[in-house]
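The structure under discussion appears below in the form of structure tokens.
The values are calculated or read from the model by the stated rules, or taken from the named source; none is laboratory data. Here the structure is a predicted model, which is why all the values come from computation and not from measurement. For neighbour counting, all protein chains shown are included, and Cβ atoms are generated from backbone atoms with ideal geometry for every residue, glycine included.
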Amino acid sequence: MCGICGILKKEAYQTVSPSLLSSMCQTLYHRGPDDQGLFTQKNVGLGTRRLSIIDVEKGHQPLSNENQSIWVTHNGEIYNFPSLSDKLIQRGHHFSTRTDTETLVHSYEEWGEEFVHKLRGMFSFALWDGNKDKLILVRDRMGIKPLYYSILQDKTLVFGSELKALLAHPGIHRAVEPQALNLFLTLEYIPSPFSIFQNIFKLPPGCMLIYKKGHVRIQKYWDVKAPSEESPNLAGKTLPELKEILFSLLQESVKLRLLSDVPLGSFLSGGIDSSAIVGLMRKLGASPLKTFSIGFKEASYNELKHARRIVKKFDTEHHEFIVQPQALDLTEKLVRHLDEPLGDFSIFPTYLVSRMARDHVKVILSGDGGDEIFGGYEHYQAQKLSRLVPPSLFSFFMPSLIKKFPPAPEKKGVWNKLRRYFQGFEHNPQLRHLRWMMFLSLKEKGKLYSPHFIHSLGGNREILELPPFSQIFPQLTQSDPVTGELFLDLKSYLVDNILVKVDRMSMAASLETRVPLLDHKIVEFMFHLPGKLKIHHLTTKWLFKKTMDPWLPRENIYRAKEGFSIPIKHWLRTELKDLMLDYLNEKRIQKEGLFHFPQIKRMIDAHLQGRENFSHQLWSLLVFEIWKENYLER
């Protein structure tokens, strides 16, 4: 695991400054505290900060082939590198290290750009071909590892694992991309290809960027096919046969991710995803098996009892951490680590459990991705229900009735979920399940956004008209409905919220996180199955649950989904109150000219008085203001 960065100028006579490249690397120190490496040659510069996992002693990067015509800087892991290395050695290639990174160099020599199809893992890397004066940037199929890039006015390419590396380059102009801010306030994350900055972009998952003499070409080398009918290869398979295939894929994926020259462990929430991974690690002989959980004093947010049940069953070496409200002292630190606004509350427990785990291990396995692959979210149920009931019943009668009653103030409950369900009907039905993941409707944006901000957006437009959703939704017209919901999340929420959170928060603690459930072979298998095997009636993750039935306690498999979050609505009324009032004050808001302060004031007053729960909206605004102060005003 590493942080990478680099510069490539258009003309060969232009030179890259080693000191500038080193400065970019230093911004990524937390991603790779073990080593720094630089390669500069005329108009190209590659930099690496390394967290040593494989071949700790010899795996220095950037790394080259024998005649130093090809160089690579690499972030992530190629899990099938041992078998690839064996094939390459048989074909006459010579290795000087035992690293997966060197496999990239020789694979490119052997197969050219087609080599990406042979890689199985999580990765982002830059490969310089000096013979062809060509740089290739590659991001893994699922987008587990990040990669940002920008093309400057003089056609210079600047790239890095995090935005802060690009911001160290003097040619980068810091200005907010209005559409990215609009999407963030709507969804709580910024979907690809946008970043919060103008002219800085995320390389989409499963894509290669080829740069040569100032010309840029982006091509997709892998994608999940748009959901349709069941794959002919799986048609006629019985349930026991499908369970056997899935279990085999899960076991193979976990086995690949146990490859490490340093200690590793697993996060454990007690849900089916993390419990399945721990159980498979034990079955595969992982020893010692270290597990890590986090809990809260608030009972409705505390899942430790479920984790302890798995600890007892699989006899793990377990560690727990109880989050105290004082942990919110981390707010500004974590926002700085994110580089761009992210409204996901669970950055706090993710960082804290990562920091705890880093005291014991260098590599962790996590259950992230299971909800999007197997069908675990309640909004999948909500969308299914919405197809069964006449829309008019909800659109006109029930929402107005629900709004007459205040939210349940002290606990997560059925009533609050019911309110959230009916609020989804305030959005366009064409948004599919996305309407239950939006926190500002067009009407609410009209009240919150200033005329100047709306003008910069080209008007107050529906999210369906904006990329990436304007490209995703047309693919869903003929899709299996349930698998279509998963496809939508796979293309947006998973890659630009969940995986961003996991990467930044674990890397902030210099911890490598591996996600076995997102192995592309598992993803391809699940997306070839009909939706009824994922959401069976209203049972979520149906096939996955049936597959894990013989291996896990039923209490862990079939318990209600609780999520991995924090009691933010309470903390905004207590520990975070002063911070919120400080950043969302009238003087600051009016000076910026982006928002109507009276609307913000109404939300603050209603939330503090317990009349409404505006935690999502207020937290997102607070995160943006903290980010803005750190990245634009300083």
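Observations
- Within the option set Glu555, Glu612, being in contact (Cβ under 8 Å) with a residue 40 or more places away in the chain, of a type outside the set (Val, Ile, Thr) and part of a loop (DSSP other than H, G, I, E, B) holds for one residue only, Glu612.
- The sole residue among Phe184, Phe201, Phe125 that is surrounded by fewer than 22 Cβ atoms within 10 Å (Cβ to Cβ) and in contact with a Ser or Thr (Cβ under 9 Å, 6 or more places away or on another chain) is Phe201.
- In the condition set (1) modelled with pLDDT of 75 or more; (2) assigned to a helix (DSSP H, G or I), Leu393 is compliant with all but (1).
- Any hit, region 327-347, residues being polar (S, T, N, Q), on the phi < 0 side of the Ramachandran plot and modelled with pLDDT under 95: yes
- Scanning region 445-486 for residues that are under 21 Å from Glu188 (Cα atoms) and in contact with a Gly (Cβ under 9 Å, 6 or more places away or on another chain) turns up Ser450, Phe453, Ile454, Asn460, Glu485, Leu486.
- Pair list, Cβ < 7 Å and 6+ apart or interchain, from region 1-21 residues that are touching a residue at least 60 places away in the same chain (Cβ under 8 Å) and closer than 21 Å to Val216 by Cα to residues that are in a loop (DSSP other than H, G, I, E, B) and aliphatic (A, V, I, L, M): Cys5/Leu28; Ile7/Val16; Lys9/Val16
- Single match in Ile566, Ile589 (criterion: surrounded by 19 or more Cβ atoms within 10 Å (Cβ to Cβ) and modelled with pLDDT of 95 or more): Ile589
- Restricted to region 1-43, and to residues there that are assigned to a helix (DSSP H, G or I) and in contact with a Ser or Thr (Cβ under 8 Å, 6 or more places away or on another chain), the residue that is farthest from Phe159 (Cα to Cα) is His30.
- Evaluation of Ser96 against (1) surrounded by fewer than 22 Cβ atoms within 10 Å (Cβ to Cβ); (2) modelled with pLDDT of 95 or more; (3) of a type in the set (Gly, Ala, Ser); (4) within 23 Å of Gly59 (Cβ to Cβ) (one fails), failing number: (2)
- For region 222-237, the criterion of being closer than 28 Å to Glu113 by Cα, surrounded by 16 or more Cβ atoms within 10 Å (Cβ to Cβ), modelled with pLDDT of 95 or more and not aromatic (Phe, Trp, Tyr) is met by no residue.
For (1) crowded, with 19+ Cβ neighbours inside 10 Å; (2) under 25 Å from the mean Cα position of the chain (by Cα), each residue gets a yes or a no:
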| residue | (1), (2) |
| --- | --- |
| Leu242 | no, no |
| Leu246 | yes, yes |
| Glu252 | no, yes |
| Leu264 | yes, yes |
| Gly279 | yes, yes |
| Pro288 | no, no |
| Lys305 | no, no |
| Ile310 | yes, no |
| Phe314 | yes, no |
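Every residue, every condition in (1) touching a Phe, Trp or Tyr at 6+ places or on another chain (Cβ under 8 Å); (2) acidic (Asp, Glu); (3) surrounded by fewer than 21 Cβ atoms within 10 Å (Cβ to Cβ), yes or no:
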site	(1), (2), (3)
Leu431	no, no, yes
Trp436	yes, no, no
Leu442	no, no, yes
Gly459	no, no, yes
Glu465	no, yes, yes
Pro468	no, no, yes
Ser479	yes, no, yes
Phe487	yes, no, no
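- From the options Thr540, Thr547, Thr574, Thr513, residue that is surrounded by fewer than 16 Cβ atoms within 10 Å (Cβ to Cβ), in contact (Cβ under 8 Å) with a residue 24 or more places away in the chain and hydroxyl-bearing (Ser, Thr, Tyr): Thr574
- Flag: Phe469 matches the condition of being among the hydrophobic types (A, V, I, L, M, F, W, C), touching a Pro at 6+ places or on another chain (Cβ under 8 Å) and in contact (Cβ under 8 Å) with a residue 60 or more places away in the chain.
- With respect to the conditions (1) under 24 Å from Asp339 (Cβ atoms); (2) out of contact with any strand residue (DSSP E or B) (no Cβ under 6 Å at 6 or more places or on another chain); (3) crowded, with 23+ Cβ neighbours inside 10 Å, Leu137 falls short on a single one, namely (2).
- Residue in region 208-218 that is in a loop (DSSP other than H, G, I, E, B) and crowded, with 17+ Cβ neighbours inside 10 Å present: no
- Qualifying residue in region 524-532 (condition: closer than 21 Å to Asp344 by Cα and over 18 Å from the mean Cα position of the chain (by Cα)): no
- All conditions but one from (1) out of contact with any helix residue (DSSP H, G or I) (no Cβ under 7 Å at 6 or more places or on another chain); (2) among the aliphatic types (A, V, I, L, M); (3) buried (at least 20 other Cβ atoms within 10 Å of the Cβ) apply to Val523; the one that does not is (1).
- Region 61-80: number of residues that are modelled with pLDDT under 95 and aromatic (Phe, Trp, Tyr): 0
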